[in-house]
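The values are calculated or read from the model by the stated rules, or taken from the named source; none is laboratory data. All of these numbers come straight from a predicted model, not from anything done at the bench. Methodologically, a virtual Cβ is constructed for each residue, glycine included, from the backbone with ideal geometry; neighbour enumeration extends over all protein chains shown. These accessible areas exclude ligands, DNA and RNA; they are computed on the full protein's heavy atoms, side chains included. Shrake-Rupley method; radii C 1.70, N 1.55, O 1.52, S 1.80 Å.
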Amino acid sequence: MKVAIMGAGIGGLALAQGLRKAGTEVAVYERDPSPQYRKQGYRIHISPVGEEALAAMLPAAVRRRVIATATHAGDLVAGFDAQLNEQFQQVFPVAGPDAVTSVDRYAFRRALMTGLDDVLRFGKQFTSYAETADGVEISFADGTSATADVLVGADGVGSGVRRQLVPELEVTDIGVRCIYGKVPLTDAVRKVAPAAFLRGFCFASDGAGLGTAFGPVMFREPPAEYGDYLMAVLTGTNAVLGASDEELFAMHPADLWAIVTRSVAEWHPAIRALIAAGEPAAAFPITLRTCVTVPTWTSSRVTMLGDAVHPMTPAAGAGANTALWDSARLTRALTSGEDLATYQQDVVANGQQIVTESLHNAERLFNVSIPV
Ligand SMILES: Cc1cc2nc3c(=O)[nH]c(=O)nc-3n(C[C@H](O)[C@H](O)[C@H](O)COP(=O)(O)OP(=O)(O)OC[C@H]3O[C@@H](n4cnc5c(N)ncnc54)[C@H](O)[C@@H]3O)c2cc1C
């Protein structure tokens, strides 16, 4: 059997590793021209669900790369107001040296690409598929095509595979925009950063719709391109951020960072100092989107995983972990000859539960009401 995977994101790469380990032929097609292309987000929390899925799928050498390039484990999640008065704190036992509790997205994807050079094709943007009597024919934007026995849409929130398979699915914009950025962890920044910000994920809010989040990325083994940093995120509606989407998504990164600086101008001095030490060129905006009802579909040869099936807000910290869960489940289905309909049932049921939790968290965290 030959499996074609659209998208070399977190779920698609993990699936490719799982299938290859079991001896199944795979090809991964990614629209980006290279792994470095485009700012794709910074810190990702890996839960025990994600870790278990990785352990099930990855060959030993790839798992070692993932562990080596992960961050040192944190032991805290905390919330504050804008003046850094603590609102809540949860402390966890420190995880062992081989635990993967958070990763840098780029370093993680590079580790997941280990050993896939011969099956990973960049610059291949999926456009459509056609099911034939004995397989699936896949077309790309560059005019080329490929064939496979099974096609997996692992092409993320804007999935082209889903557009064709479930054209009726609506992805809801929850009205919240984020400006993501990085504060390099220099000695000066380590001195000024509140201790909690260096221990784990921290959220601070002004109670009027403006929020900031900080998460340390302290590598066990940093990538060649950069070192330790603090992920910094500003969240709010367009009105709160004072910029329309047309303005926000056309802005130079330095102007985006100027919005972050302006937004925290009255906040605690430590937060202002961190933002002042940020790397303006690293800033980029994103829209938070979700599905409300996870879709179902009918095909014995085309299936999906991850954000393609169940786009969700980051408010449950679960999108990547659920994509990994899906990949592990699909690896089992494809390597045991199981019916893809059974895989779909499990993925939809599991995904729906997490999408609903993420919707509730997003309403609380971002102070918005999501039309359902
Ligand atoms: C800012 C941010 C922070 C997040 N933090 C967390 C977190 O802490 N924990 C967590 O669990 N989740 C987190 N998430 C969610 C998580 O990133 C996603 O849920 C996860 O990446 C989904 O994995 P995926 O493989 O389904 O899709 P993706 O990782 O998005 O990969 C999709 C891939 O498909 C490619 N692609 C798209 N269209 C095409 C096409 N037409 N043809 C070919 N290739 C295509 C894309 O370029 C991409 O490489 C966060 C998300 C964001 C935006």
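Things worth noting here:
- Among the residues making up region 302-338, a single one is farther than 15 Å from residue 166 by Cβ, among the acidic types (Asp, Glu) and in contact (Cβ under 8 Å) with a residue 12 or more places away in the chain: 326.
- So residue 161, is it surrounded by fewer than 17 Cβ atoms within 10 Å (Cβ to Cβ) and closer than 22 Å to residue 10 by Cα: no
- Residue match in region 36-45 (condition: open to solvent by 10 Å² or more (accessible area, probe 1.4 Å), aliphatic (A, V, I, L, M) and free of Cβ contacts under 8 Å to residues at least 12 places away in the same chain): no
- Of all the criteria given as (1) surrounded by 16 or more Cβ atoms within 10 Å (Cβ to Cβ); (2) more than 19 Å from residue 288 (Cβ to Cβ); (3) not β-branched (Val, Ile, Thr), the one not satisfied by residue 338 is (1).
- Answer residue from region 123-161, given it is within 21 Å of residue 297 (Cα to Cα) and among the aromatic types (Phe, Trp, Tyr) and is nearest to the ligand (Cβ to nearest atom) among those: 126
- From the options 117, 104, 142, residue that is under 27 Å from residue 63 (Cα atoms), of a type outside the set (Phe, Trp, Tyr) and without any contact (Cβ under 8 Å) to a residue 24 or more places away in the chain: 117
- Residue 342 closer than 23 Å to residue 50 by Cβ and assigned to a helix (DSSP H, G or I): yes
Results for (1) open to solvent by 40 Å² or more (accessible area, probe 1.4 Å); (2) free of Cβ contacts under 8 Å to residues at least 12 places away in the same chain; (3) not in a loop (DSSP other than H, G, I, E, B), shown as yes or no for each residue.
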{"residue": "196", "(1), (2), (3)": "no, no, yes"}
{"residue": "203", "(1), (2), (3)": "no, no, yes"}
{"residue": "212", "(1), (2), (3)": "no, no, yes"}
{"residue": "230", "(1), (2), (3)": "no, no, yes"}
{"residue": "261", "(1), (2), (3)": "yes, no, yes"}
{"residue": "271", "(1), (2), (3)": "no, no, yes"}
{"residue": "295", "(1), (2), (3)": "no, no, no"}
{"residue": "300", "(1), (2), (3)": "yes, no, no"}
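- Residue within region 246-254 that is touching a strand residue (DSSP E or B) at 6+ places or on another chain (Cβ under 8 Å), modelled with pLDDT of 95 or more and open to solvent by 50 Å² or more (accessible area, probe 1.4 Å) present: yes
- Top-ranked residue of region 221-235 - restricted to ones that are modelled with pLDDT of 95 or more and either among the charged types (D, E, K, R) or touching a helix residue (DSSP H, G or I) at 6+ places or on another chain (Cβ under 8 Å) (or both), ranked as farthest from the ligand (Cβ to nearest atom): 228
- Residue match in region 310-327 (condition: farther than 20 Å from residue 12 by Cα and not in a helix (DSSP H, G or I)): no
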